[in-house]
1. Quick one: ranking THR297, THR291, THR230, THR135 by accessible area, 1.4 Å probe, largest first, what do you get?
2. Checking the table LYS154/LYS269; LYS310/LYS384; LYS265/LYS310; LYS52/LYS377 against a 32 Å threshold on Cα-Cα, which pairs fail?
3. List the residues whose amide H sits under 5 Å from the amide H of GLN383, counting only those 5 or more places along or on another chain, with H placed 1.01 Å from N in the peptide plane.
4. For VAL308, what accessible area in Å² do you get when you roll a 1.4 Å probe over the heavy atoms of the protein chains, rounding to the nearest 10?
5. Average the reciprocal distances over every distinct pair of alpha-carbons in segment 79-139, invert the result, and give the Kirkwood radius in Å.
6. Keeping all protein chains in place, calculate the accessible area per residue for segment 112-191 (probe 1.4 angstrom), answer in Å².
7. What residues from segment 281-305 fall in the zone where the backbone N is under 15 Å from a label point 7 Å along the Cα-to-C-beta line of ARG268?
8. I'd like the accessible area for THR88: 1.4 Å probe, protein heavy atoms, all chains in place, Å² to the nearest 10.
Amino acid sequence: MDPVWLLLLLPLAAASGWYMAALDGRSNESQKNVPKAYFKGLSFLLNEQPDKALQVFMEAVEVDEETIEMHMALGNLYRRRGEVERATRIHQNLVARSDLDESLRLLALFELAQDYLKAGLYDRAEGLFQELRQTDEYREQACRFLLQIYDQEKEWQSAIAVAESLDRHSQHDLSESLAQYSCELAEQSIIEGRYREAEEYLASAFKYDARCIRAVIQSGRMASLKGNHTNAIAIWRGLEHWAPEALPEVIDHLSNSFEAIGDVKGYRKFLESNLERCPDPKLITALVELTGSEKGTEARQAKLVELVRKYPSLEGLVQLLKNRGLTDAVDRNHSDSRDFNTLANLLAEAVGQGRDYLCRKCGFNSNSLHWQCPGCKAWGSVQKNARVRTQHDNPTRSSI
(Lines give C-alpha, C1' and ligand atoms only; values in the text may rest on other atoms or scores of the structure.)
Protein backbone atom coordinates (compact mmCIF):
# COMPACT_ATOMS: atom_id res chain seq x y z
CA MET A 1 0.00 0.00 0.00
CA ASP A 2 1.23 3.50 -0.80
CA PRO A 3 2.81 4.95 2.39
CA VAL A 4 1.04 8.23 1.74
CA TRP A 5 -2.30 6.54 2.22
CA LEU A 6 -1.17 5.33 5.62
CA LEU A 7 -1.04 8.98 6.63
CA LEU A 8 -4.74 9.17 5.95
CA LEU A 9 -5.40 6.78 8.78
CA LEU A 10 -4.12 9.24 11.36
CA PRO A 11 -6.65 12.07 10.82
CA LEU A 12 -9.37 9.57 9.98
CA ALA A 13 -8.76 7.54 13.13
CA ALA A 14 -8.78 10.71 15.22
CA ALA A 15 -11.97 11.81 13.52
CA SER A 16 -13.51 8.44 14.24
CA GLY A 17 -13.05 8.78 17.97
CA TRP A 18 -14.53 12.26 17.88
CA TYR A 19 -17.50 11.09 15.85
CA MET A 20 -18.24 8.19 18.14
CA ALA A 21 -18.22 10.49 21.14
CA ALA A 22 -20.50 12.93 19.38
CA LEU A 23 -22.96 10.21 18.47
CA ASP A 24 -24.11 9.75 22.05
CA GLY A 25 -26.48 12.68 21.81
CA ARG A 26 -27.84 11.93 18.37
CA SER A 27 -30.59 9.77 16.88
CA ASN A 28 -30.28 6.05 16.24
CA GLU A 29 -30.48 6.74 12.50
CA SER A 30 -27.41 8.99 12.62
CA GLN A 31 -25.60 6.50 14.81
CA LYS A 32 -25.88 3.96 12.03
CA ASN A 33 -25.14 6.11 8.97
CA VAL A 34 -21.95 8.00 9.79
CA PRO A 35 -19.92 5.15 11.32
CA LYS A 36 -21.02 2.84 8.52
CA ALA A 37 -19.83 5.30 5.86
CA TYR A 38 -16.63 5.90 7.76
CA PHE A 39 -15.70 2.27 8.16
CA LYS A 40 -16.72 1.46 4.62
CA GLY A 41 -14.39 4.15 3.26
CA LEU A 42 -11.64 3.03 5.60
CA SER A 43 -12.04 -0.50 4.32
CA PHE A 44 -11.58 0.68 0.73
CA LEU A 45 -8.41 2.52 1.75
CA LEU A 46 -6.98 -0.56 3.42
CA ASN A 47 -7.74 -2.55 0.28
CA GLU A 48 -5.95 0.04 -1.87
CA GLN A 49 -9.12 1.27 -3.56
CA PRO A 50 -8.77 5.05 -3.08
CA ASP A 51 -11.28 5.92 -5.81
CA LYS A 52 -14.05 3.99 -4.08
CA ALA A 53 -12.99 5.43 -0.72
CA LEU A 54 -13.26 8.92 -2.16
CA GLN A 55 -16.74 8.20 -3.48
CA VAL A 56 -17.90 6.93 -0.07
CA PHE A 57 -16.47 9.92 1.74
CA MET A 58 -18.02 12.33 -0.74
CA GLU A 59 -21.41 10.69 -0.16
CA ALA A 60 -20.87 10.88 3.58
CA VAL A 61 -20.56 14.66 3.34
CA GLU A 62 -24.06 14.80 1.92
CA VAL A 63 -25.35 12.58 4.75
CA ASP A 64 -23.81 14.39 7.72
CA GLU A 65 -22.04 17.74 7.98
CA GLU A 66 -19.95 16.43 10.87
CA THR A 67 -17.72 14.65 8.35
CA ILE A 68 -16.68 17.88 6.64
CA GLU A 69 -13.41 18.35 8.51
CA MET A 70 -12.48 14.77 7.68
CA HIS A 71 -12.94 15.58 4.01
CA MET A 72 -10.85 18.73 4.38
CA ALA A 73 -8.00 16.57 5.67
CA LEU A 74 -8.56 14.05 2.88
CA GLY A 75 -8.43 16.75 0.21
CA ASN A 76 -5.31 18.26 1.74
CA LEU A 77 -3.57 14.90 1.66
CA TYR A 78 -4.62 14.36 -1.95
CA ARG A 79 -2.98 17.68 -2.86
CA ARG A 80 0.23 16.86 -1.00
CA ARG A 81 0.32 13.53 -2.78
CA GLY A 82 0.13 15.36 -6.09
CA GLU A 83 -3.42 14.29 -6.95
CA VAL A 84 -4.62 17.86 -7.36
CA GLU A 85 -7.70 16.99 -9.42
CA ARG A 86 -9.09 14.80 -6.65
CA ALA A 87 -8.32 17.43 -4.01
CA THR A 88 -10.07 20.04 -6.14
CA ARG A 89 -13.19 17.87 -6.51
CA ILE A 90 -13.47 17.46 -2.75
CA HIS A 91 -13.03 21.15 -1.96
CA GLN A 92 -15.32 22.30 -4.77
CA ASN A 93 -18.00 19.97 -3.45
CA LEU A 94 -17.67 21.48 0.01
CA VAL A 95 -17.71 25.08 -1.25
CA ALA A 96 -20.88 24.34 -3.20
CA ARG A 97 -22.79 23.40 -0.06
CA SER A 98 -25.36 26.08 0.78
CA ASP A 99 -25.69 25.02 4.43
CA LEU A 100 -21.97 25.15 5.21
CA ASP A 101 -20.91 27.12 8.26
CA GLU A 102 -19.08 30.36 7.29
CA SER A 103 -15.84 29.38 9.02
CA LEU A 104 -15.85 26.02 7.24
CA ARG A 105 -16.70 27.68 3.92
CA LEU A 106 -13.67 29.96 4.26
CA LEU A 107 -11.50 26.97 5.11
CA ALA A 108 -12.77 25.14 2.04
CA LEU A 109 -12.10 28.22 -0.11
CA PHE A 110 -8.57 28.45 1.30
CA GLU A 111 -7.90 24.79 0.48
CA LEU A 112 -9.44 25.15 -2.98
CA ALA A 113 -7.27 28.20 -3.71
CA GLN A 114 -4.20 26.13 -2.86
CA ASP A 115 -5.43 23.39 -5.18
CA TYR A 116 -5.66 25.89 -8.04
CA LEU A 117 -2.21 27.24 -7.21
CA LYS A 118 -0.73 23.76 -7.17
CA ALA A 119 -2.33 23.07 -10.55
CA GLY A 120 -0.91 26.28 -12.03
CA LEU A 121 -4.33 27.92 -12.38
CA TYR A 122 -3.06 31.28 -11.16
CA ASP A 123 -6.07 33.36 -12.21
CA ARG A 124 -8.48 31.18 -10.24
CA ALA A 125 -6.15 30.98 -7.26
CA GLU A 126 -5.66 34.75 -7.29
CA GLY A 127 -9.40 35.37 -7.28
CA LEU A 128 -9.96 33.19 -4.22
CA PHE A 129 -6.93 34.53 -2.35
CA GLN A 130 -8.11 38.09 -3.03
CA GLU A 131 -11.45 37.17 -1.48
CA LEU A 132 -9.78 35.55 1.52
CA ARG A 133 -7.48 38.55 1.87
CA GLN A 134 -10.50 40.56 3.01
CA THR A 135 -10.99 38.34 6.07
CA ASP A 136 -9.14 38.69 9.36
CA GLU A 137 -8.59 34.95 9.67
CA TYR A 138 -6.86 34.40 6.32
CA ARG A 139 -5.49 37.87 5.44
CA GLU A 140 -1.82 37.15 6.11
CA GLN A 141 -1.78 33.67 4.59
CA ALA A 142 -3.69 34.82 1.51
CA CYS A 143 -1.30 37.74 1.00
CA ARG A 144 1.69 35.41 1.14
CA PHE A 145 0.21 33.14 -1.49
CA LEU A 146 -0.63 36.19 -3.62
CA LEU A 147 3.00 37.28 -3.41
CA GLN A 148 4.02 33.85 -4.72
CA ILE A 149 1.67 34.27 -7.67
CA TYR A 150 2.76 37.83 -8.51
CA ASP A 151 6.39 36.83 -8.08
CA GLN A 152 5.94 33.91 -10.47
CA GLU A 153 4.06 36.06 -12.97
CA LYS A 154 6.44 39.03 -12.53
CA GLU A 155 3.56 41.37 -11.72
CA TRP A 156 5.69 43.72 -9.64
CA GLN A 157 3.15 46.50 -9.15
CA SER A 158 0.64 44.02 -7.73
CA ALA A 159 3.38 42.48 -5.60
CA ILE A 160 4.20 45.89 -4.12
CA ALA A 161 0.53 46.55 -3.26
CA VAL A 162 0.16 43.19 -1.50
CA ALA A 163 3.56 43.40 0.24
CA GLU A 164 2.76 46.86 1.61
CA SER A 165 -0.51 45.54 3.02
CA LEU A 166 1.23 42.51 4.50
CA ASP A 167 3.97 44.71 5.94
CA ARG A 168 1.34 46.77 7.76
CA HIS A 169 -0.69 43.89 9.10
CA SER A 170 2.04 41.44 10.11
CA GLN A 171 5.20 41.44 12.17
CA HIS A 172 7.38 40.50 9.21
CA ASP A 173 9.66 43.15 7.69
CA LEU A 174 9.24 43.12 3.91
CA SER A 175 11.35 46.20 3.18
CA GLU A 176 13.99 44.18 1.29
CA SER A 177 11.39 42.52 -0.91
CA LEU A 178 9.65 45.84 -1.59
CA ALA A 179 12.96 47.43 -2.58
CA GLN A 180 13.70 44.52 -4.93
CA TYR A 181 10.26 44.76 -6.56
CA SER A 182 10.98 48.44 -7.22
CA CYS A 183 14.39 47.52 -8.67
CA GLU A 184 12.71 45.02 -11.01
CA LEU A 185 10.46 47.80 -12.30
CA ALA A 186 13.47 50.12 -12.60
CA GLU A 187 15.36 47.50 -14.61
CA GLN A 188 12.47 47.17 -17.04
CA SER A 189 12.37 50.95 -17.46
CA ILE A 190 16.14 51.18 -18.00
CA ILE A 191 16.03 48.50 -20.71
CA GLU A 192 13.20 50.35 -22.45
CA GLY A 193 14.99 53.71 -22.17
CA ARG A 194 12.45 55.28 -19.80
CA TYR A 195 15.07 56.79 -17.51
CA ARG A 196 12.87 59.25 -15.64
CA GLU A 197 10.49 56.46 -14.72
CA ALA A 198 13.44 54.31 -13.67
CA GLU A 199 14.64 57.07 -11.34
CA GLU A 200 11.23 57.17 -9.69
CA TYR A 201 11.30 53.45 -9.07
CA LEU A 202 14.82 53.68 -7.66
CA ALA A 203 13.68 56.45 -5.33
CA SER A 204 10.97 54.08 -4.10
CA ALA A 205 13.55 51.33 -3.62
CA PHE A 206 15.65 53.61 -1.40
CA LYS A 207 12.50 54.59 0.51
CA TYR A 208 11.91 50.94 1.38
CA ASP A 209 15.59 50.09 1.97
CA ALA A 210 18.06 52.97 2.22
CA ARG A 211 20.98 50.56 1.76
CA CYS A 212 19.70 48.55 -1.15
CA ILE A 213 22.87 47.50 -3.00
CA ARG A 214 21.01 46.73 -6.19
CA ALA A 215 19.47 50.20 -6.24
CA VAL A 216 22.93 51.74 -5.78
CA ILE A 217 24.29 49.75 -8.71
CA GLN A 218 21.33 50.72 -10.90
CA SER A 219 21.59 54.39 -9.91
CA GLY A 220 25.23 54.43 -11.02
CA ARG A 221 24.25 52.77 -14.29
CA MET A 222 21.61 55.42 -14.82
CA ALA A 223 24.18 58.18 -14.36
CA SER A 224 26.66 56.53 -16.73
CA LEU A 225 23.98 55.95 -19.38
CA LYS A 226 23.22 59.67 -19.25
CA GLY A 227 26.94 60.45 -19.70
CA ASN A 228 27.56 61.65 -16.15
CA HIS A 229 30.44 59.32 -15.36
CA THR A 230 31.80 61.41 -12.50
CA ASN A 231 28.48 61.11 -10.71
CA ALA A 232 28.29 57.40 -11.53
CA ILE A 233 31.71 56.81 -9.96
CA ALA A 234 30.67 58.73 -6.85
CA ILE A 235 27.50 56.64 -6.52
CA TRP A 236 29.33 53.31 -6.83
CA ARG A 237 32.09 54.43 -4.48
CA GLY A 238 29.41 54.92 -1.87
CA LEU A 239 29.66 51.16 -1.38
CA GLU A 240 33.26 51.38 -0.20
CA HIS A 241 32.58 51.93 3.48
CA TRP A 242 29.28 50.14 4.17
CA ALA A 243 29.22 47.34 1.56
CA PRO A 244 32.78 46.75 0.25
CA GLU A 245 31.87 43.14 -0.59
CA ALA A 246 29.67 44.53 -3.38
CA LEU A 247 32.53 46.36 -5.14
CA PRO A 248 33.39 43.39 -7.40
CA GLU A 249 29.86 43.67 -8.84
CA VAL A 250 30.58 47.18 -10.14
CA ILE A 251 34.28 46.90 -11.02
CA ASP A 252 33.62 46.68 -14.77
CA HIS A 253 31.27 49.66 -14.61
CA LEU A 254 33.85 51.65 -12.65
CA SER A 255 36.59 50.74 -15.13
CA ASN A 256 34.50 52.03 -18.04
CA SER A 257 33.56 55.27 -16.27
CA PHE A 258 37.13 56.04 -15.12
CA GLU A 259 38.27 55.39 -18.69
CA ALA A 260 35.51 57.64 -20.05
CA ILE A 261 36.76 60.61 -18.01
CA GLY A 262 40.43 59.73 -18.61
CA ASP A 263 41.27 59.28 -14.93
CA VAL A 264 43.57 56.25 -14.95
CA LYS A 265 45.38 57.51 -11.87
CA GLY A 266 42.09 57.73 -9.97
CA TYR A 267 41.17 54.20 -11.02
CA ARG A 268 44.51 52.85 -9.76
CA LYS A 269 44.09 54.69 -6.46
CA PHE A 270 40.58 53.28 -6.10
CA LEU A 271 41.78 49.70 -6.66
CA GLU A 272 44.77 49.98 -4.32
CA SER A 273 42.77 51.50 -1.47
CA ASN A 274 39.90 49.03 -1.71
CA LEU A 275 41.99 45.88 -1.87
CA GLU A 276 42.48 46.28 1.88
CA ARG A 277 38.70 46.34 2.37
CA CYS A 278 37.84 43.68 -0.18
CA PRO A 279 40.76 41.53 -1.45
CA ASP A 280 38.55 39.98 -4.11
CA PRO A 281 40.14 38.27 -7.15
CA LYS A 282 38.23 40.61 -9.47
CA LEU A 283 39.90 43.66 -7.92
CA ILE A 284 43.29 41.95 -7.98
CA THR A 285 42.87 41.06 -11.66
CA ALA A 286 41.81 44.62 -12.48
CA LEU A 287 44.90 46.11 -10.83
CA VAL A 288 47.20 43.56 -12.49
CA GLU A 289 45.71 44.28 -15.94
CA LEU A 290 45.96 48.02 -15.36
CA THR A 291 49.62 47.67 -14.40
CA GLY A 292 50.30 45.60 -17.51
CA SER A 293 48.63 48.14 -19.81
CA GLU A 294 50.67 50.96 -18.27
CA LYS A 295 54.08 49.36 -17.75
CA GLY A 296 54.26 46.15 -19.74
CA THR A 297 54.39 42.40 -19.21
CA GLU A 298 57.23 42.27 -16.65
CA ALA A 299 55.58 44.86 -14.44
CA ARG A 300 52.31 42.97 -14.77
CA GLN A 301 53.97 39.73 -13.63
CA ALA A 302 55.68 41.45 -10.71
CA LYS A 303 52.42 43.08 -9.58
CA LEU A 304 50.61 39.74 -9.76
CA VAL A 305 53.26 38.04 -7.59
CA GLU A 306 53.12 40.94 -5.12
CA LEU A 307 49.34 40.85 -4.79
CA VAL A 308 49.04 37.07 -4.57
CA ARG A 309 51.63 37.06 -1.78
CA LYS A 310 49.74 39.79 0.04
CA TYR A 311 46.25 38.39 -0.63
CA PRO A 312 46.70 34.62 -1.16
CA SER A 313 43.90 32.87 -3.04
CA LEU A 314 43.41 29.94 -5.40
CA GLU A 315 42.32 32.30 -8.17
CA GLY A 316 45.57 34.23 -7.79
CA LEU A 317 47.60 31.04 -7.93
CA VAL A 318 45.84 30.08 -11.18
CA GLN A 319 46.87 33.42 -12.69
CA LEU A 320 50.45 32.94 -11.54
CA LEU A 321 50.68 29.51 -13.13
CA LYS A 322 49.19 30.72 -16.40
CA ASN A 323 51.60 33.65 -16.53
CA ARG A 324 54.52 31.36 -15.75
CA GLY A 325 53.42 29.13 -18.63
CA LEU A 326 53.33 32.10 -21.00
CA THR A 327 56.79 33.23 -19.86
CA ASP A 328 58.29 29.78 -20.40
CA ALA A 329 56.69 29.60 -23.82
CA VAL A 330 58.37 32.87 -24.80
CA ASP A 331 61.68 31.54 -23.45
CA ARG A 332 61.22 28.40 -25.62
CA ASN A 333 60.99 26.14 -22.57
CA HIS A 334 57.94 24.42 -24.03
CA SER A 335 58.03 21.42 -21.67
CA ASP A 336 57.75 23.57 -18.55
CA SER A 337 55.18 25.72 -20.34
CA ARG A 338 52.91 22.72 -20.96
CA ASP A 339 53.31 21.55 -17.35
CA PHE A 340 52.38 24.92 -15.90
CA ASN A 341 49.43 25.33 -18.27
CA THR A 342 48.13 21.84 -17.43
CA LEU A 343 48.41 22.53 -13.70
CA ALA A 344 46.76 25.93 -14.13
CA ASN A 345 43.84 24.44 -16.08
CA LEU A 346 43.29 21.69 -13.50
CA LEU A 347 43.37 24.17 -10.65
CA ALA A 348 41.09 26.57 -12.53
CA GLU A 349 38.57 23.76 -13.00
CA ALA A 350 38.66 22.98 -9.29
CA VAL A 351 38.25 26.65 -8.38
CA GLY A 352 35.38 26.96 -10.87
CA GLN A 353 33.51 24.20 -9.05
CA GLY A 354 33.46 26.34 -5.91
CA ARG A 355 30.60 28.63 -5.02
CA ASP A 356 31.17 32.36 -4.65
CA TYR A 357 27.68 33.27 -3.42
CA LEU A 358 25.61 31.97 -0.53
CA CYS A 359 21.99 32.54 0.52
CA ARG A 360 21.97 33.55 4.17
CA LYS A 361 18.48 32.09 4.61
CA CYS A 362 18.55 28.65 3.00
CA GLY A 363 22.25 28.10 2.26
CA PHE A 364 21.84 27.91 -1.54
CA ASN A 365 25.25 28.13 -3.28
CA SER A 366 25.88 29.71 -6.66
CA ASN A 367 28.67 30.87 -8.95
CA SER A 368 26.85 34.11 -9.73
CA LEU A 369 24.88 36.73 -7.85
CA HIS A 370 21.10 36.30 -7.80
CA TRP A 371 18.95 39.10 -6.47
CA GLN A 372 16.33 36.47 -5.70
CA CYS A 373 17.51 33.15 -4.29
CA PRO A 374 16.62 30.32 -6.72
CA GLY A 375 16.29 27.99 -3.74
CA CYS A 376 14.03 29.67 -1.18
CA LYS A 377 12.86 32.57 -3.43
CA ALA A 378 13.90 35.14 -0.81
CA TRP A 379 14.90 38.56 -2.13
CA GLY A 380 18.25 40.17 -1.32
CA SER A 381 19.46 37.15 0.65
CA VAL A 382 22.30 35.99 -1.64
CA GLN A 383 25.65 37.42 -0.58
CA LYS A 384 29.31 37.06 -1.45
CA ASN A 385 30.70 33.91 0.10
CA ALA A 386 34.16 35.33 0.71
CA ARG A 387 36.88 32.71 0.56
CA VAL A 388 39.69 35.25 0.92
CA ARG A 389 40.46 36.73 4.31
CA THR A 390 41.81 40.22 4.84
CA GLN A 391 45.26 40.85 6.27
CA HIS A 392 43.65 41.64 9.63
CA ASP A 393 41.72 38.35 9.66
CA ASN A 394 44.62 36.26 8.39
CA PRO A 395 47.94 37.48 9.88
CA THR A 396 49.92 34.50 8.58
CA ARG A 397 50.81 34.68 4.91
CA SER A 398 52.09 32.09 2.52
CA SER A 399 55.14 32.86 0.43
CA ILE A 400 55.41 32.19 -3.28
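1. Of THR297, THR291, THR230, THR135, the descending order of accessible area is THR297, THR230, THR135, THR291.
2. Pairs exceeding the cut-off: LYS154/LYS269; LYS52/LYS377.
3. Those lying under 5 Å, H to H, from GLN383 are LEU358, CYS359, ARG360.
4. 0 Å²
5. One over the average 1/r among Cα pairs gives 11.6 Å for segment 79-139.
6. On the way: 3880 Å² over 80 residues.
Result: 48 Å² of accessible area for each residue.
7. Under 15 Å, as judged by backbone N against the label point of ARG268, lie 286-304 of segment 281-305.
8. Only protein atoms counted, so the area is about 20 Å².
The values are calculated or read from the model by the stated rules, or taken from the named source; none is laboratory data. Being a predicted model, the structure only gives us computed values, none of them experimental. With ideal geometry, Cβ positions are generated from the backbone for all residues, glycine too; neighbour counts draw on all protein chains shown. The protein model used for the area step is the full one, side chains on, heavy atoms only, and it has no ligands, DNA or RNA in it. Shrake-Rupley method; radii C 1.70, N 1.55, O 1.52, S 1.80 Å.
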